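Trainee: Sharing a structure, written as structure tokens. Questions coming.
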Amino acid sequence: MQLSGHCAAFQNIAVQRTAPDSGRTSHRVYIVLGVLYESYIHPITIISSLPSAGVGALLALLITRVEFSVIALIGIILLIGIVAEECHHDDRLCPPGRAQ
């Protein structure tokens, strides 16, 4: 789909700003998780597990032929929250002697 006029200019500006904003957002999420869990490695394990949870949820919607709706989006957000929490409580990732 080709846009023309003001819409095309707006789309070009939006695309140019998306990549730097995503990088800054990812960096901020990493810093917040690092402060929260007092670790350099643990935020990486949490952040790396989130895309697979989102892709799995979208594949489940495709397989069951359910439309992507606001309710499905809320479910995916909840799923990502659960995955992040379970990743935090995984015994293999917690150092010995540290309370969970």
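Trainee: Can you sort His42, His27 by how many other beta carbons sit within 10 Å, fewest first?
Mentor: Ordered from fewest to most neighbouring Cβ atoms within 10 Å, His42, His27 come out as His27, His42.
Trainee: What ³J(HN,Hα) values, in whole Hz, does the Karplus curve 6.51 cos²θ - 1.76 cosθ + 1.60 give for region 68-79 when θ = phi - 60°, with x put for Gly and Pro?
Mentor: 3J(HN,Hα) across region 68-79, in whole Hz: 7, 10, 5, 5, 5, 5, 4, x, 5, 5, 5, 4.
Trainee: Relative contact order, percent, of region 6-89 when contacts are C-alpha pairs under 8 Å separated by at least 6 residues?
Mentor: Contact order relative to length: 30 percent.
Trainee: Suppose R0 equals 30 Å; then what is the FRET efficiency for Ala84 and Val15 from their Cβ-Cβ distance, rounded to the nearest 0.05? Don't skip to the end; give the middle numbers.
Mentor: Working: r = 29 Å, r/R0 = 0.96.
According to the calculation, E is roughly 0.55.
Since every read-out is calculated from the coordinates, none of them should be taken as a lab result. Predicted model only: the values in this text are computed from it and were never measured. With ideal geometry, Cβ positions are generated from the backbone for all residues, glycine too; neighbour counts draw on all protein chains shown.
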